[in-house]
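The values are calculated or read from the model by the stated rules, or taken from the named source; none is laboratory data. These figures come from a predicted structure and were not determined experimentally. Cβ coordinates were reconstructed from backbone atoms using ideal geometry, including for glycine residues, and neighbour counts include every protein chain displayed. Keep in mind that these areas ignore ligands, DNA and RNA; they rest on the heavy atoms of the full protein, side chains included. Shrake-Rupley method; radii C 1.70, N 1.55, O 1.52, S 1.80 Å.
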Amino acid sequence: MLPATLAAVLLTLLAVRPHLGVPLNDDFSYAHTARALAESGRIVYNGWASPMLWPQAAYGALLIKAFGFSYTALAASGIVLAALATATMYALARACGAGPAPAALATATLTLNPIFLGVTPSFMTDVPSLFLLLAALLALVKALQPGEAGDTRLDPKRFALSVVLGLVAGSNRQIVWVAYFGALVTLIWLLPRQRRLVAPAAVLVLVIALALSRWFGDYPYTVPTSVGQGLLVLVGYTNVAVMFIYKVANMMGLFSLPMGLLAMDKRRWRSLAFGVLLLLCLVPIFYPLGTKVALLGRDYRLTAYGQYFTSRGVVVGGVSGFENRPTIFPPLIITACVVLGAVGVAVTGIVLLDWWRGLRRTGSQARTLPDVATSAVAVASLASVAASLPWFAIMNIFDRYLLLYLPGLLVLFARAASERPMTKTRIAAAATLLAVQWVTGYGTVAEYMNYTRARAALYERLLASGNAPREVDGGFEFNADTQVREGGHMNNILVRNPPDAYKEGAAARNVQYEPQYFTVLDARG
């Protein structure tokens, strides 16, 4: 089952001809941090990155030393890590007690969707961080061993390895620390006899995460995360905040639904609890409550939201920004997406409720190793989602974030599906939804590659005609690459700028989208 899933992922990625040699989305920032590390031996941020990026900068620097600075080589590393993430996800589901078929379907649900496929052929942090998270959780699950009294214990050496991997994973994307810490707290609760081992490890992870986050927040040209601002929005503009949080939940429901169909007990489809929950999940779609805010000047009604999978196109960046692209999906398809997302949210709620009830009814001595493992992995996903709510409330929502939130839920679904017979009807429905996601994923990433390839060709033609890079508006990715190459950093007021680094009121006259960030393009004036 794993070879087929792995082959599907790799063949899909290779079929779109991902070797572009140009930056995609935000990877210009991460690539130049890796370049600076290769050239100077120091971590240097450039006014765009909120991830800490240590592991990724390290292997990126090695690639740059070996092949020179090349977006093609850096993007190829994303495809390699996609293969590793696919294999690790399958191994994690199997280690948590899922059967081969549910484990493979859970893996395919994670890796054959438009978001994973779209973000993979780049140097973005999402797939590398996903692989590191999965590796840390797999090591943690492998550390669980059957005890002599029929309970579950922890192997100290394997557990120590998992803690190290958890710390390393969080040093790439800080939210992974939250996920790993949530898994440790779950073990403290479920394995009371192992608390002397787990509790100090949890404290260690928390202290190191807070210390490094504090260091990162004070380092030049880093993007701080304002949790306080998000909380204020939650209080002051609750209706907007809730709608944006629901956008995330709806997208998670959409992409987890193929496994959710297999995970929920068939009797629950006719239950009152599911009916009520589904109704509540549909309300924000058809009756958005006060989502038009004059202060913000926009109508935040629910749509199929995202960058890699969105009702307004499937490519990132561009000359005028992704929000100005024409709608490519007809209204019926958009509505179908968000309705399916609502069904997925309701299904997820019922499966989580049944999981919680099962844990509460089972005593600590009766909990099996797969029970403990699945619970730790599921809470890892839930903890990271909960910690991100203030971030979502201030409208910082990008669908690629979902890649770090879905694995634990998909493992839980795979385990639940392995414990009950799967009817042909539900298998067919799940397979159909998964196939639609896969085909859509191929189409979106192919469009993204072709669009970027065309822009790159035009950009190179303009340069060959004698225009300097700083004189050409090449769209967000090309402009940002030029800005960092020639200016050293973005002109971003929101980051930790050294004195006199930010040019207030500066704007590039040739740039249509966010001209204040690309002041180096205004050099002719």
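Say whether the condition of being more than 19 Å from THR374 (Cβ to Cβ), open to solvent by 20 Å² or more (accessible area, probe 1.4 Å) and within 14 Å of the chain's Cα centre (by Cα) is met by at least one residue in the range 130-137. Within the range 130-137 (the criterion being more than 19 Å from THR374 (Cβ to Cβ), open to solvent by 20 Å² or more (accessible area, probe 1.4 Å) and within 14 Å of the chain's Cα centre (by Cα)), the answer is yes, since at least one residue qualifies. Among the residues making up the range 15-52, those that are touching a Ser or Thr at 6+ places or on another chain (Cβ under 7 Å), farther than 30 Å from TRP438 by Cβ, open to solvent by less than 10 Å² (accessible area, probe 1.4 Å) and not aromatic (Phe, Trp, Tyr) are ASN46, ALA49, MET52.
Residues in the range 53-79 that are open to solvent by less than 50 Å² (accessible area, probe 1.4 Å) and within 25 Å of TRP177 (Cβ to Cβ): LEU53, PRO55, GLN56, ALA57, ALA58, GLY60, ALA61, LEU74, SER77, GLY78. Annotation for the range 404-417: no member residue is in a loop (DSSP other than H, G, I, E, B) and either open to solvent by less than 10 Å² (accessible area, probe 1.4 Å) or farther than 16 Å from GLY182 by Cβ (or both). With respect to (1) more than 18 Å from LEU403 (Cβ to Cβ); (2) at pLDDT 95 or above, the lone exception for ALA82 is condition (1). Residue count for the range 104-130 under the criterion of being over 16 Å from ASP27 (Cβ atoms) and outside any loop (DSSP other than H, G, I, E, B): the result is 9. When VAL436 is tested against (1) part of a helix (DSSP H, G or I); (2) more than 27 Å from TYR502 (Cβ to Cβ); (3) touching a residue at least 60 places away in the same chain (Cβ under 8 Å), just one condition goes unmet, and that condition is (3). Criterion first (open to solvent by 10 Å² or more (accessible area, probe 1.4 Å), within 21 Å of ALA91 (Cα to Cα), in contact (Cβ under 8 Å) with a residue 24 or more places away in the chain and part of a helix (DSSP H, G or I)) does PHE159 satisfy it? Against the criterion (open to solvent by 10 Å² or more (accessible area, probe 1.4 Å), within 21 Å of ALA91 (Cα to Cα), in contact (Cβ under 8 Å) with a residue 24 or more places away in the chain and part of a helix (DSSP H, G or I)), PHE159 does not qualify. Which of the residues that make up the range 360-403 are among the aliphatic types (A, V, I, L, M), modelled with pLDDT under 85, part of a helix (DSSP H, G or I) and open to solvent by less than 20 Å² (accessible area, probe 1.4 Å)? Matches in the range 360-403: ALA393 only. Of a type outside the set (A, V, I, L, M, F, W, C) and more than 22 Å from the chain's Cα centre (by Cα), is that true of GLU471? Yes; evaluated as a whole, the condition is true for this residue. For VAL164, the test of being out of contact with any strand residue (DSSP E or B) (no Cβ under 7 Å at 6 or more places or on another chain), open to solvent by 10 Å² or more (accessible area, probe 1.4 Å), touching a residue at least 60 places away in the same chain (Cβ under 8 Å) and assigned to a helix (DSSP H, G or I) is failed.
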